[in-house]
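First up is the structure itself, then whatever we jot down about it.
The values are calculated or read from the model by the stated rules, or taken from the named source; none is laboratory data. On a predicted model such as this, the values are computed, not experimentally measured, just so you know. All Cβ positions, glycine included, derive from the backbone under ideal geometry; neighbour counts span all protein chains shown.
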Amino acid sequence: MANTNLANAKSAKNDEFYTQYPDIQKEINAYLDYDANVFRGKTILLPCDDPEWSNFTKFFAQNFELLGLKRLISTSYAPESKKYKMPYQPTLFETSQPYFDNDKSKTHGKIFVLDRDTTGDNRINIDDLQWQYLEGDGDFRSKEIRQLRDEADIIVTNPPFSLFREFVAWLMEAEKQFIIIGNMNAVTYKEVFPLIKNNKIWLGVNDVRWFYFADANGELYEAAHSRWFTNVDHGRRHQPLKLMTMAENFKHSKHKEIRGKKDYIHYDNCDAIEVPYTDAIPSDYNEVMGVPISFLDKYCPEQFEIVGITKTWNNFAKKIYPEQIQISKNGKTSKVSKLNDGATIKLIDIPEDETYYIVNEELFIQVYARILIRKKQ
């Protein structure tokens, strides 16, 4: 259901994802555990937000003093500018203000600011939020939001997933710290992976449960495979993996693809071995290994070096064949001009449910995208 709904949302260009409060709290606490002052004296920007409904705004406003924030800024995107149109319903917080304009609320973004006690209760919290209309619709690419970005110290949000590449470039352009949400497959993007490889971006600590409005009635569905992406340090990324030797894996591994074998399969088109599970990485192998992208959850930069990814845009497919025939799961054949993205493994027995290739009467099967790593000496 989750994957189907995510696909439907993509086809409808629906970027209306909402993050649960406990997920935000759990992730932010992980950075505080590593550095209790990570947010102290900082200006936090929450762009691409809906402050009236957002759990991001709620969390940082409620914990303003606890985190020691200097300023909180949250901006929204005008309802009429969104590709996925939903019925607009202003909140009491908006309508209670004398400057509320129903038409303007549809065409302009809003900015919410928290930086002082406005209620006179000697506390700075969510009750002190002040808002006004933006000059434009609140698009993060606008000059107006860029200026707010440049004023901020840390940017936290779940950006439109259809614009994730562009949003990451927007962040890197300003050289800001950030904690954002994206689809796990974003690690394979040619705009994102080099940043991961060079330790300019890494995964956060926890999984994320995203939700989006599936229809005008506001029914919520979960979107799967979402992760935090950040350049704010945390303790988990400095915890090395505990691994078995190659011999121990062949004897004790819980995975049938490894246990009882005499060697790891070597890729046909890359000088690396295939390690299909992170916990099957051999501790005594010093050359290049292809591991699942989920390895990044356990990646310790002091333990491993990331050397590449099995994608053709990364010049991975070194062996290009003159002609290939792809055999689909239902038996249909089609010619392909070159090797598809990803590693290939020469097999003798082809599983019935796999897509494989015939090249010069040899059989090949493509594995999922792999991160190419090498143990640091």
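I'm trying to understand the selection: among the residues of the stretch 158-177, which are at pLDDT 95 or above and in contact with a Cys (Cβ under 9 Å, 6 or more places away or on another chain)?
Listed by number, the list holds a single entry, 167.
Which numbered condition trips up residue 119, out of (1) at pLDDT below 90; (2) more than 26 Å from residue 24 (Cα to Cα)?
(1)
Test residue 215 against the stated conditions and say whether it is surrounded by fewer than 18 Cβ atoms within 10 Å (Cβ to Cβ), modelled with pLDDT under 95 and not in a strand (DSSP E or B).
Against the criterion (surrounded by fewer than 18 Cβ atoms within 10 Å (Cβ to Cβ), modelled with pLDDT under 95 and not in a strand (DSSP E or B)), residue 215 qualifies.
Under the condition of being touching a residue at least 60 places away in the same chain (Cβ under 8 Å) and not polar (S, T, N, Q), which residue from the stretch 282-293 is nearest to residue 310 (Cα to Cα)?
290
Got a number for residues in the stretch 100-127 being over 23 Å from residue 144 (Cβ atoms), over 32 Å from the mean Cα position of the chain (by Cα) and not small (Gly, Ala, Ser)?
Adding up the residues that qualify gives 6.
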